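Each remark here refers to the structure printed beneath this line.
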Amino acid sequence: MSSASGYHKPVLLNEVLQYLIVDRNGRYCDCTLGGGGHLRAIALLTGPQAVLIGIDRDPDAIEWNRNSTYSTNSKVVFSQNVFSNFDIVLREHGIDGVDGILLDLGVSSFQIDNVKRGFTYMKESELDMRMNRGDQLSATDWVSNASSDELASVLENYGEIRNPVRMAKAIKNCAFPVRTSSDLKNCLASEYGHSLKPDILAKIFQALRIAVNDELNELKRFLGKVHGSLRENGRLAIISYHSLEDRIVKDFIRDAEQKCICPKEQPYCTCKKVVQFKRITKKAIRPTEEEIKQNPRSRSARLRIAQKVHG
Ligand SMILES: C[S@@+](CC[C@H](N)C(=O)[O-])C[C@H]1O[C@@H](n2cnc3c(N)ncnc32)[C@H](O)[C@@H]1O
């Protein structure tokens with residue numbers, strides 16, 4: 001077996017360890033296990049009473065971690081599931097609260113680099129893009145089921161594509177079925193010529209991937225539950241890689257920090273809002289230039305940390 005970093009090189013690793021681990025015998029849940037780079041490093045730091053839970057929706061990630069070595073005295077368990085079900089997974093293992101939860105969003109290098117998974121426009125592949133190949137709809141199915149309006153909305157909202165209606169029509173009215181990355185590129189070429197820049201193709205692929213895996217709703221469902229599953233002073237660490245995700249995380253922490261959400265002109269508070277989190281670092285943490293040099297895929301990463309302040 002190749003090394004864990006052959007599967008995926010963990011991003012902002014030291015920063016995650018520094019801010020997430022509040023108790024070396026605590027319980028930690030890595031909800032986006034991938035190659036286990038973060039969880040394996042957490043396992044090196046934690047003691048015999050610690051419990052570590054690794055969740056991933058991709059069965060390949062779970063299999064990889066089950067077959068790899070964790071040097072630790074802590075108890076480590078893995079579960080294949082979406083992270084919006086992390087509370088169910090914890091309950092299944094008899095865990096009523098954790099001291100730290102990590103989300104390292106997006107896809108792993110293993111998924112991107114594996115041509116069969118269809119995540120990249122740079123190689124010829126089936127348009128699959130499912131993080132869990134057991135899920136019902138691949139990107140090909142999603143595109144063929146979507147109406148032109150739905151596709152345009154996804155291209156606009158998840159890919160920030162200008163004139164998404166024109167692009168959606170070009171894809172939906174394509175003269176041949178769009179089953180592979182080349183089909184999609186050829187189809188777009190028949191509308192735009194061969195002038196589409198790689199960054200636009202990357203945005204189109206990002207938009208389809210987000211839709212196929214319902215990524216932003218997954219994140220919102222997760223955030224809606226996370227306070228209830230953290231122990232007092234427990235920490236939440238989230239690494240995001242694009243502004244759509246980061247905005248959701250940032251707004252969540254800002255709202256969770258607020259004492260009152262009554263209209264400003266109201267003389268006294270009636271909302272009875274409870275402060276749930278406080279941010280631990282004022283701004284998002286970014287990778288150093290050195291890390292970006294060593295691992296270019298880290299360049300867009302932003303890490304936000306919050307701590308539970310109310311029971
Ligand atoms: C960037 S990788 C994580 C890499 C990991 N931190 C490491 O060091 O190896 C993201 C992982 O999250 C998983 N993932 C993404 N969305 C998920 C979701 N909603 N539920 C569970 N896993 C998810 C992906 O399948 C992928 O394996």
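Quick note: the coordinates plus some simple rules give every number you see, no bench work behind them. The structure presented is a predicted model; accordingly, all values stated were derived computationally and were not measured. Using ideal geometry, Cβ is built from the backbone for each residue, glycine included, and neighbour counts are taken over all protein chains shown.
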> Given H placed on each backbone N at 1.01 Å, which residues far from residue 50 in sequence or on other chains put an amide H within less than 5 Å of it?
Replying inline: 75
> Bin by bin, in steps of 5 Å, what percent of the Cα pairs in the stretch 155-260 do you find, going until the bin that has the longest distance?
Replying inline: 2, 10, 18, 19, 13, 10, 9, 7, 6, 4, 2, 0
> Roughly speaking, what % of Cα-Cα pairs in the chain are separated by over 36 Å, rounded to a whole number?
Replying inline: 23 percent
> What is the set of long-range amide H partners of residue 231 at a cut-off below 5 Å, with H atoms built 1.01 Å from backbone N?
Replying inline: 98, 99
>> Suppose the chain between residue 132 and residue 281 were pulled fully straight at 0.36 nm per residue; how much longer would it get relative to their current alpha carbon spacing?
In response: 50.3 nm
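Please state, to two decimals, what the Cα-based radius of gyration of the stretch 136-212 comes to when divided by 2.2 N^0.38 Å (N = residues). Write out the running numbers ahead of the final one.
On the way: Rg = 11.0 Å, N = 77, 2.2 N^0.38 = 11.5 Å.
Expressed relative to 2.2 N^0.38 Å, the Cα Rg reads 0.96.
Within the chain, what percent of beta bridges assigned by DSSP are antiparallel, to the nearest 5? Before the final figure, lay out the partial values.
Numbers: 11 of 30 bridges.
The answer is about 35 percent antiparallel.
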> Among residues other than residue 15 whose Cβ falls under 12 Å from its Cβ, what is the net charge (Lys/Arg +1, Asp/Glu -1)?
Replying inline: +1
>> What does the charge count around residue 310 come to, taking other residues whose C-beta lies under 13 Å from its C-beta (Lys +1, Arg +1, Asp -1, Glu -1)?
In response: +4
> Which of these, 101, 204, 239, has the largest mean-square fluctuation under a Gaussian network model of the chain (Cα springs below 10 Å)?
Replying inline: 204
> Between residue 220 and residue 77, what is the label-to-label distance in nm when each label sits 7 Å out along the Cα-to-Cβ direction?
Replying inline: 3.1 nm
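Hey, got the dipole for the chain? About the Cα centre, +1 on K and R Cβ, -1 on D and E Cβ, debye to the nearest 20?
Once rounded to the nearest 20, the dipole reads 820 debye.
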> Which FRET efficiency, nearest 0.05, do residue 289 and residue 257 yield, Cβ-Cβ r, R0 35 Å?
Replying inline: 0.70
> What ³J(HN,Hα) values, in whole Hz, does the Karplus curve 6.51 cos²θ - 1.76 cosθ + 1.60 give for the stretch 149-165 when θ = phi - 60°, with x put for Gly and Pro?
Replying inline: 5, 4, 4, 4, 5, 5, 5, 6, 7, 9, x, 6, 7, 7, 6, x, 5
>> Between residue 271 and residue 23, what is the label-point separation in nm under the 7 Å Cα-to-beta-carbon projection?
In response: 3.1 nm
> Label residue 69 and residue 112 with points 7 Å out from Cα along Cα→Cβ: what is the distance between them in nm?
Replying inline: 2.9 nm
>> Can you tally the net charge around residue 232? Count Lys and Arg as +1, Asp and Glu as -1, for every other residue whose Cβ sits under 14 Å from the Cβ of residue 232.
In response: +2
>> Quick query: amide H of residue 180 versus all other amide H atoms, modeled in the peptide plane; which residues come in under 5 Å with a sequence gap of 5 or more or a different chain?
In response: 127
